[in-house]
Amino acid sequence: MKEGRDFNMTQENYEMGMVGLGVMGRNMLLNMAEHGFAVAGYDKDLKRVAQLRDEAGDLSVRGAENVADFVALLKKPRAVMILVPAGPIVDSVIHDLLPHLEEGDLIIDAGNSHFTDTDLRQKTLEEKGLLFFGMGVSGGEYGARHGPSMMPGGLEQAYSAVRPVLEACSAHVDGEPCVTYLGPRSAGHYVKMVHNGIEYGIMQLLAEAYDLLHQGLKLSDGELGDLFDEWNQTELSGYLVEITSDIFRKVDNETGKRLIEVVQDAARQKGTGMWTSQDALALHEPTPNIDIAVAMRNLSGLGGERVAFTKKFGTARKSFNGERDVLIEQVRRGLYAAIIITYAQGMTQLRSASQEYEYGLNLSDVARIWRGGCIIRSALLEPIREAYTKQPHLLNPLLDENLGSAVAERSDDLRAVAQTAIGLGIPAPGFTTALTYYDSLRAKRLPANLIQAQRDYFGSHTYERVDERGVFHTEWEKE
């Protein structure tokens, strides 16, 4: 069976090994080979091994059919990347590799593992004399093949050992690779987790913009495709806007309808958005746009309940009677403001996590490596990078002059979109949440004083005063 030009090469000659030859792993391996690195791959599914061999052509790629042969192909100290689903499968792969590895060998978990699992794995493998780091990879099938964004964290010496390979096969923007060492332990997987949380938030906003324009203004799918294409030439330029335009134009081969019209309206998730929300709560860091995006995916899956509610209560949707072009422009401008706000929530979570977990993250570097290859890449990431380059300890990107002004100038549009959606009975929690977050940050006084008084009333939790230092408790029920 054909294995590429290297099928006669001797053992211990391959610079990187890959376990997991699904879409991402196989394409990543071929990407490395195209950049001049000899690589080997292994998967328990021998059909995937055969597929790798067939796709390799004349590249220096070797496919192995068992773990022992696979490890024997790699030059020492060995570097093995794992790209399999997060969870127990990662531990199973590590378990299978361990008898064949030696002290100083490196394992890279390039899947979407939970950051706490990454911390534990690094500690366990270090005790065995092995190097390990977790690395988030974003870009999907195309990115893996042609240049993803990669987010490695762990031992810096481990990253340095494979840095040439990763930099060569990553996406590049302005000549800079979209990969860099981020910090110790699970820093890489944590950054990837928050990346995915931001992704959830932006996708929810795009879905709401679609709903408002399609249901509220009755724009056709073709019109929406053209509109989003136009928007992608503006400050909204980004991968998710670009593919949204393509989606509206795609025709279903079976029905002849636009494919978007036959896709079930129930969004699934693999957990990274939920993990982002969960840890943000643990850090006491508000990320409401990510939270609501997770909640809306869950709500979208309540098909039976939604049918029952529609039958019992009908729909609240009304017709739009205003100026169509005005609303379209308000949606465009409001969408941009809401996306900035969503990025801001993710970046502030990273700042808090960096302090809490002692990652030492350089947020300018994070924004830089997200500019290319990854799913949330957009023109907006350059001003975010510039903001953190000027002010590395910036509390919130909205305090940056350029980003803050961009939101302030569009806040009336964001408010108009939220009001219009509410008036039409079209749910737009992403837009309204972004507006609430922004308004809350600008509020000189929030009603939390009442909440704190209530807590003291029923639980003696105490409170602080605005006119005197100290902690106080009142016997509320006494005269």
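Every number in this text was worked out from the coordinates using simple rules, so none of it is lab data. Keep in mind that this is a model prediction, so the values were computed, not measured. With ideal geometry, Cβ positions are generated from the backbone for all residues, glycine too; neighbour counts draw on all protein chains shown.
What's the magnitude of the charge dipole for the chain around its Cα centre, counting Lys and Arg as +1 and Asp and Glu as -1 at the beta-carbon? Answer in Debye, nearest 20.
Dipole magnitude for the chain comes out near 740 debye.
Can you bin segment 208-309 into rounded, prolate or oblate? Criterion: square roots of the alpha carbon gyration tensor eigenvalues sorted a ≥ b ≥ c, rounded for a/c under 1.5, prolate for a/b above b/c, oblate for the rest.
oblate
So for Lys444, Lys250, Lys44, Lys76, fewest C-beta neighbours within 10 Å to most, what's the order?
Lys444, Lys76, Lys250, Lys44
Out of every Cα pair in segment 1-152, what percent are spaced more than 19 Å from each other?
48
Put +1 on the Cβ of every Lys and Arg and -1 on every Asp and Glu Cβ in segment 16-185; which of Ala86, Gly136, Gly41 then has its Cα farthest towards the positive end of the dipole?
About the Cα centre, the residue reaching furthest to the positive side is Gly41.
Test of the criteria: in segment 22-122, which GluC sites (Glu not before Pro) are in a DSSP loop and have at most 16 other Cβ atoms within 10 angstrom of their Cβ?
Glu65, Glu102, Glu103
Over segment 322-476, how many percent of alpha carbon pairs lie in each 10 Å bin up to the one with the longest distance?
Histogram of Cα-Cα distances, whole percents per bin: 10, 29, 27, 22, 11, 2.
Taking amide H positions as placed 1.01 Å from N in the peptide plane, with prolines and chain starts having none, which residues 5 or more places from Val173, or on another chain, fall under 5 Å of its amide H?
Cys178
Express the relative contact order of segment 143-232 as a whole percentage, based on alpha carbon pairs under 8 Å and six or more residues apart in sequence.
The normalised contact order for segment 143-232 reaches 26 percent.
Under the 0.36 nm per residue contour assumption, what length would be gained going from the current alpha-carbon distance of Lys478 and Arg163 to full extension?
Separation in residues times 0.36 nm, less the Cα-Cα distance, equals 106.6 nm.
Cα axis of helix 429-442 to longest principal axis of the chain: angle in degrees, 0 to 90, nearest 10?
Helix 429-442 sits roughly 70 degrees off the main axis of the chain.
To make sure I understand, if each residue's beta carbon is the centre and we count other beta carbons within 10 Å, what order do His214, His172 fall in, fewest to most?
Ordered by Cβ neighbours within 10 Å, fewest first: His172, His214.
Note down the relative contact order for segment 92-133 as a percent, whole number, built from C-alpha pairs under 8 angstrom at least six residues apart.
Computed value for segment 92-133: 50 percent relative contact order.
Please name whichever of His195, Thr118, Leu205 sits farthest to the positive end of the charge dipole of the chain, dipole taken about the Cα centre and charges placed at Cβ: Lys and Arg +1, Asp and Glu -1.
Leu205
Report the one residue of Gly22, Ala161, Leu182 whose Cα lies farthest in the direction of the positive end of the charge dipole of segment 16-185 (charges on C-beta: Lys and Arg +1, Asp and Glu -1; origin at the Cα centre).
With unit charges placed on the Cβ atoms, the residue in question is Gly22.
By per-residue mean of other Cβ atoms within 10 Å, what is the highest-first order of 112-120, 258-266?
Taking the mean over residues of other Cβ atoms within 10 Å, the ranking is 112-120, 258-266.
How tilted is helix 88-97 with respect to the longest principal axis of the chain? Cα atoms for both, answer in degrees (0 to 90, nearest 10).
Here the helix axis deviates by roughly 20 degrees.
Restricting to Cα pairs below 8 Å that are 6+ residues apart, what does the relative contact order work out to for the chain? Please round to a whole percent.
12
Compute the helix-to-body angle for 303-313: its Cα long axis versus the longest principal axis of the chain, expressed 0 to 90° and rounded to tens.
Orientation of helix 303-313: about 20 degrees from the principal axis.
At 7 Å along the Cα-to-beta-carbon direction for both His35 and Tyr457, put a label point, then send me their distance in nm to one decimal.
6.1
Separation between the Asn13 and Asp91 pseudo-spin-labels, each 7 Å from Cα along Cα→Cβ, expressed in nm?
Here the modelled spin labels are 3.9 nm apart.
In the structure shown, do any of Lys270/Lys311; Lys218/Lys250; Lys76/Lys128 have a Cα-Cα gap over 20 Å, and if so which?
Table pairs above 20 Å Cα-Cα are Lys270/Lys311.
Taking neighbour Cβ counts within 10 Å as the exposure measure, how do Thr244, Thr462 sort from fewest upward?
Final ranking by Cβ density, sparse to dense: Thr462, Thr244.
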